[in-house]
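Notes follow the structure.
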Amino acid sequence: MLRTTLPVRRLHTLPVTIALAAMLTALLTVLAGPPASAGSWADKDCADFPSQRAAQLFFLRQGGPAVDPHRLDADGDNVACDSNPPPRYEKPFLPGKPGKPSKPTRPRKPKPPKVIDSTASLVASHAQRIAGEPFTLKGRVTPAVKRRVVLQGRLVGGRWQKLVTAQTSRNGRIVFTGRASAKDVRYRLVVPASKKGKKRYTATKSPVRLIDTVRQTVTLEVPTSVANGTDVNAVITSTPARRNRPVLLQVEQNGSWTVLKRGRLDSVGVATLRFTRPTGSYDLRAVVQKYRGAGKVTSGTRTIVFLAAPDTTPPDAPTGLDAQPGDGSATLTWEAVDDAVAYRVRYRESSAADWTDWPQVAGTTTTITGLTNDVEYTFDVRAVDAANNVSEPSETVTIVPTNATG
């Protein structure tokens, strides 16, 4: 089977390469035995003579071309054993008797050449290719003889253009290799009419085959935010899928992209890369690397935030709580607590079990109103930090509101 590489220069918008493979050379070896004597009456074949000349002289001595008892002149052209090797002698009379045939020749009508219908097929190794990826076109012409063929290509909406002229092998086969164009291209095999000996073969064309150029894409999926120290799965998806194609997960640092993780696509075009980063915000992207002729492709940017660990430690309990009674009220003060951003005060009648919450305050003092004079009340206060953690309560204080003027 012959292999041929498609040319770029034949189709300006079709970036395929061409280089004709070396044509198969047919070598025919004729095995011949020792020639029999001219006077032998044993049946002779062309293989019994070392040359065409020896066969022709024997043929003439046996009465040819009028008589051919050994059937050495199969095609009736008065020349015996055409395919035998040189030296040759093709005259219809013996040497030394020019113009005088050994016997009158019989007129023979030339046989018309036999016309044989031809067919051609063309098969593509891959119907869909990424621009730059290799593909193979396998052609076959029947009947299986060596034939001249022309491979043609056509862009969608364009005209057929000759890409390469080549010759099939003896079994009628030929192979063309090339790389996918940036656009869809149709191919066909054109076989001109030809003559081989007494046989004529009709011209034919193969069915059209399309090499469909597909656009490659890549996407990256990561969560928008995670807690600091969390392992994150970055899911990279590339189409069309190319198993074992290398991929990169990159992170932007100081205005440039650096590799964070490496991996390879699986059979469905997916790679999952696990990573973690310190607290902060990061821009990420996925890059599918060059692979077997296909160029690299980059995903869009995705941002992920690694959050600081939540603060679960409550502040210290307030100290120095003091309460001063008033008319139906009580004024409370206490010492400030580090990390506290607010305070929660509560109170109850000393004889009761349930507490009442006073609205949260930002400072270290507050006045509670609406109390009943001459009733004993108990108070405490708790600190609240920025993470809304609440401290243990302070020590309690007890007072009795009174109307001093009454």
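The values are calculated or read from the model by the stated rules, or taken from the named source; none is laboratory data. Being a predicted model, the structure only gives us computed values, none of them experimental. Cβ placement follows ideal geometry from the backbone for every residue including glycine, while neighbour counts extend to all protein chains displayed.
Brief remarks on what is shown
- When Val226 is tested against (1) at pLDDT 95 or above; (2) in a strand (DSSP E or B), exactly one condition is not met: (1).
- Those residues of the stretch 356-406 which are over 60 Å from the mean Cα position of the chain (by Cα), charged (D, E, K, R) and closer than 15 Å to Pro318 by Cβ, in sequence order: Asp380, Arg382, Glu392, Glu395
- Under the condition of being within 15 Å of Gly328 (Cβ to Cβ) and part of a loop (DSSP other than H, G, I, E, B), the residues counted in the stretch 342-363 number 1.
- The residue of the stretch 152-172 that is farthest from Val141 (Cα to Cα), among those that are outside any loop (DSSP other than H, G, I, E, B) and hydrophobic (A, V, I, L, M, F, W, C), is Leu155.
- Assessment of the stretch 298-309 against the conditions (over 14 Å from Val361 (Cβ atoms), surrounded by fewer than 13 Cβ atoms within 10 Å (Cβ to Cβ), touching an Asp or Glu at 6+ places or on another chain (Cβ under 7 Å) and not acidic (Asp, Glu)) yields at least one matching residue.
Residue-by-condition table, conditions (1) part of a loop (DSSP other than H, G, I, E, B); (2) at pLDDT 90 or above; (3) closer than 30 Å to Ala55 by Cβ:
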residue	(1), (2), (3)
Tyr89	yes, no, yes
Leu94	yes, no, yes
Pro101	yes, no, yes
Thr105	yes, no, yes
Pro112	yes, no, yes
Val123	no, yes, no
Lys138	no, yes, no
Lys146	yes, yes, yes
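- Considered as a group, the residues in the stretch 125-136 that are in contact with an Asp or Glu (Cβ under 8 Å, 6 or more places away or on another chain) and not in a strand (DSSP E or B) include one that is farthest from Arg186 (Cα to Cα), and that residue is His126.
- Residue match in the stretch 236-250 (condition: under 23 Å from Thr303 (Cα atoms), over 24 Å from the mean Cα position of the chain (by Cα) and outside the structural domain of Leu163 (by TED's automatic domain parsing)): no
- Each residue in the stretch 283-338 was checked for being of a type in the set (A, V, I, L, M) and under 28 Å from Thr213 (Cβ atoms), and 5 pass.
- For the stretch 173-214, a residue qualifies if it is surrounded by 14 or more Cβ atoms within 10 Å (Cβ to Cβ), at pLDDT 95 or above and in a loop (DSSP other than H, G, I, E, B), and the qualifying residues are Pro192, Ser206.
- Where Ala317 falls short, out of the listed (1) under 30 Å from Asp385 (Cβ atoms); (2) in a strand (DSSP E or B): (2)
- Screening the stretch 140-153 for residues that are within 15 Å of Arg188 (Cβ to Cβ) and free of Cβ contacts under 8 Å to residues at least 40 places away in the same chain and picking the one that is surrounded by the most Cβ atoms within 10 Å (Cβ to Cβ) gives Gln152.
- Condition check for Ser329: out of contact with any strand residue (DSSP E or B) (no Cβ under 8 Å at 6 or more places or on another chain) and outside the structural domain of Trp257 (by TED's automatic domain parsing): no
- One residue from Thr378, Thr366, Thr372 being within 12 Å of Thr333 (Cα to Cα) and in the same structural domain as Val341 (by TED's automatic domain parsing): Thr366
- Out of Thr303, Thr258, sole residue that is of a type outside the set (A, V, I, L, M, F, W, C) and without any contact (Cβ under 8 Å) to a residue 40 or more places away in the chain: Thr258
- Residue count, the stretch 299-331 (criterion: under 19 Å from Arg274 (Cα atoms) and not small (Gly, Ala, Ser)): 7
- Any chance Ala54 is more than 22 Å from Lys198 (Cα to Cα), more than 60 Å from the chain's Cα centre (by Cα) and either surrounded by fewer than 18 Cβ atoms within 10 Å (Cβ to Cβ) or among the hydroxyl-bearing types (Ser, Thr, Tyr) (or both): no
- Per the listing Asp339, Asp316, the residue uniquely surrounded by 13 or more Cβ atoms within 10 Å (Cβ to Cβ), among the charged types (D, E, K, R) and under 60 Å from the mean Cα position of the chain (by Cα) is Asp339.
- Check on Val218, over 22 Å from Gly295 (Cβ atoms) and in contact (Cβ under 8 Å) with a residue 40 or more places away in the chain: no
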